[in-house]
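Working notes, beginning with the structure itself.
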Amino acid sequence: MLANLNLRAAIISITFLIVTLGLWQLATAPEALIGAGELSEYELLMGGASQPSGIPAPSQVFSHAVDELSRPFYDAGPNDKGIGLQLAYSVGRVMAGFGLAVLVAIPLGFVIGMSPVLNKAFNPYIQVLKPISPLAWMPLALFIIKDSNTSAIFVIFICSIWPMLINTAFGVAAVRNDWLNVARTLELSKLRTAFTVILPAAAPTILTGMRISVGIAWLVIVAAEMLVGGTGIGYYVWNEWNNLDLASVIFAILMIGIVGMLLDGMLVQASRFVRYQD
Amino acid sequence: MTAHFLQIENLARRFPQPGSKEPTTVFEGVNFSIEKGEFVCIIGHSGCGKSTILNVLAGLDHPSDGNVIMDGKVIEGPSRDQGVIFQNHSLLPWLSTLHNVTFAVRARWPNWSRAKIREHSVNYLEMVGLGEVLNRKPAQLSGGMRQRVGIARAFAIEPKLLLMDEPFGALDALTRGVIQEELLKIWARTHQTVFMITHDVDESVLLADRVLLMTNGPNARVAESVIVDIPRPRERATLHEQPGYYPVRNHLVEFLVRRAKTLASAARDTDPRHTPRTVNPVKPDTFPPRPALVRSG
């Protein structure tokens, strides 16, 4: 039954892919293939020269992808680097900003979750700061930090901190009283209670916060790199747009999706280790 | 002044009432004592404050009035001297059966070696018949097995006083019977001092040396201390054949059905200390009833 289910899903999935790619290929085919019509007025004015900069066909994107992926780490100057290298820059920034956010958000979330007073005291700030688009911080960050790379990391930091902070505080505050009472009757110290009871109890909630954060961070890094320029997958997309190389842009879009999926998948794997069944 | 192991003196607990300046008194003037190695059950209708008394004994709640003195010291907070078995097992779901117990044993004796902690824990888990499932997580155990892990954990830390809050309330009747017998066995081996809340009259007759009966709340108090004069070892299968069984059982049922309610309003003014009357239904003449209570009851 399960195999059957998987098989049916796979058939639908592959059919969908083939149909989509087929329609895309047809829609972008050179007009000669569809049947050469009269040139439109615009095309006459342009001398019929607009074809090369049109949307590329999937076959073109595919051959471009094969070409790029065969040499992912080449570096031929500031505007010509391999896709692997660009992605590595972006992932590196995300990891740096996200890692800093973990170091701040989890201990702070712990304290806020354990203390109803601090929870009430900090809540207004969290509520105000949380909905700010991370890119709105960019000018301020650039002015204060004066370094575009560090500013990008700061923007990642500021956007990934909130979901982790809120989830950690929530997870810690929601630890069952029974479990805390067990710790109390065993006279565990505050620190040991935090590490042996509260942390494992709240870990699944914290991991969920981390998943949300890393997802947002990966969304934001593309936009941030378009602003700060230089390196990274966001810069690469913007650069290829300026080159009107849409095959590269589409290829980069796909790679962004795949890397985002892998980042999420890593945290899903991590959450398996801390998950418990109640 | 007193030689009792556990002495509860004039205990009261009041909760603030929303919309009123007068707090609700759940219970007041609760006085009783427990001897070392004694198994004492407390029975009363819902809302009479049994669980609150237990939480106070555990140090998890504070009384509005009165004291609890254990082994010459006032109980002021939770400690390893008071082990608690809660109604809903309260095992840590991310730890295996064995680690749930070693976790507590390590906290009790931090200087023990790893091997000793393990051996001690396994020993207690085997006493409740769980030697085969040491590595399972609580979610993979049945409700009865989980409660047994809780029992093993509580006995393993060898507290001075073991508190049980309706430990079998969530179990089906058949499982409950099996675990009651296991509890009897482990208690016979350890002679732990136990204070247990129950709603089950038969359970209290099977397990307890003495049953405390509470009147209905609010303003509940401990009215009687009923001696269960049935020889040990007791067995569930033959308990009802004991000559003492029906007198004790009938006395308890009669109290809960009739007098818990009538006594709740009466007799409050006659005896300010509300010392519970000691009763032995098997030998009714041993403790003649006091005049004050005869008049009101």
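Positive contributions from Lys and Arg (+1) and negative ones from Asp and Glu (-1), summed over other residues with Cβ under 11 Å from the Cβ of residue B:235, come out at +2. Taking the helices alone, chain B has a mean residue ellipticity at 222 nm of -9500 deg cm²/dmol, built from -39,500 (n - 2.57) per DSSP H run of at least 4 residues and averaged over all its residues. Please give the helix A:199-228 orientation as an angle from the longest Cα principal axis of chain A, in degrees from 0 to 90, rounded to the nearest 10. Between the helix axis and the principal axis of chain A, the angle is about 30 degrees.
What Kirkwood Rh does chain B have if only Cα atoms enter the pairwise 1/r average? Answer in Å.
Working: mean 1/r = 0.0499 Å⁻¹.
Taking every pair of different Cα atoms in chain B, averaging 1/r and inverting gives 20.1 Å.
Considering only the other residues whose Cβ falls under 9 Å of the Cβ of residue B:166, what net charge follows from Lys and Arg at +1 and Asp and Glu at -1? Residues close to residue B:166 contribute a combined charge of -1.
Could you compute the FRET efficiency for residue B:10 and residue A:123, with r as their C-beta to C-beta distance and R0 at 35 Å, rounded to 0.05? The partial results should precede the final answer.
On the way: r = 43 Å, r/R0 = 1.22.
After rounding, the FRET efficiency stands at 0.25.
Starting with the fewest neighbours, write out B:118, B:153 ranked by other beta-carbon atoms found within 10 Å of each beta-carbon. Can you show the working numbers first?
Working: B:118 18, B:153 28.
The order, fewest Cβ neighbours first, is B:118, B:153.
Please find the FRET efficiency linking residue A:25 to residue A:75, where r is the Cβ-Cβ separation and R0 is fixed at 30 Å, and quote it to the nearest 0.05. That pair, residue A:25 with residue A:75, gives E of 0.35.
A Förster radius of 41 Å combined with the Cβ-Cβ distance from residue B:275 to residue B:178 puts the calculated FRET efficiency at roughly 0.65. Compared with the dominant Cα axis of chain B, that is its longest principal axis, helix B:114-127 is turned about 60°. Residue pairs exceeding 29 angstrom between C-alpha atoms, taken from B:21/B:73; B:50/B:160; B:21/B:160: B:21/B:73; B:21/B:160. Counting neighbouring Cβ atoms within 10 Å and putting the fewest first, the residues B:148, A:184 line up as A:184, B:148.
So for the stretch A:189-272, what are the equivalent ellipsoid semi-axes in whole Å, largest first, each being the square root of 5 times an eigenvalue of the Cα gyration tensor? Show your work: numbers first, answer last.
Numbers: eigenvalues 291, 35, 9 Å².
Working from the Cα gyration tensor, I get semi-axes of 38, 13, 7 Å.
With only the Cα atoms considered, the protein assembly as shown has a convex hull volume of 262 Å³ per residue.
Where a ≥ b ≥ c are the square roots of the eigenvalues of the C-alpha gyration tensor, would you call the stretch B:45-191 rounded, which needs a/c under 1.5, or, failing that, prolate if a/b is larger than b/c, or oblate?
Details: a/c = 1.91, a/b = 1.28, b/c = 1.49.
Since a/c reaches 1.5 but b/c is at least a/b, the shape of the stretch B:45-191 is classed as oblate.
Between the alpha-carbon centres of the stretch A:105-156 and the stretch B:194-218 there is a gap of 56 Å.
Just checking the listed ones, A:22, A:171, A:109: in the Gaussian network model of chain A with Cα springs under 10 Å, the one fluctuating most is A:22. Across the stretch B:152-162, computed HN-Hα scalar couplings (Karplus, 6.51 cos²θ - 1.76 cosθ + 1.60, θ = phi - 60°) run 4, 4, 5, 5, 5, 7, 6, x, 5, 9, 9 Hz from first to last residue, x flagging Gly and Pro.
Please order B:259, B:13, A:93, B:189 by the number of other Cβ within 10 Å, starting at the fewest. Please list the in-between numbers first.
On the way: B:259 17, B:13 23, A:93 27, B:189 10.
In order of increasing Cβ crowding within 10 Å: B:189, B:259, B:13, A:93.
What does the charge count near residue B:138 come to, summing +1 for each Lys or Arg and -1 for each Asp or Glu among other residues with Cβ under 9 Å from its Cβ? Walk me through the numbers before you get to the answer.
Working: positive: B:136, B:137, B:146; negative: A:278.
Around residue B:138, the charge tally is +2.
Reported to two decimal places, what Rg/Rh ratio describes the stretch A:56-274 when computed on Cα atoms with Rh from the Kirkwood expression? When Rh is taken as the Kirkwood radius, the ratio is 1.09.
A short reminder: the numbers here are calculations on the coordinates, not readings from a lab. Just so it is clear, the model here is predicted, and its values are computed rather than measured. Neighbour counts are summed over all protein chains in view; Cβ atoms, including those assigned to glycine, are modelled from backbone coordinates with ideal geometry.
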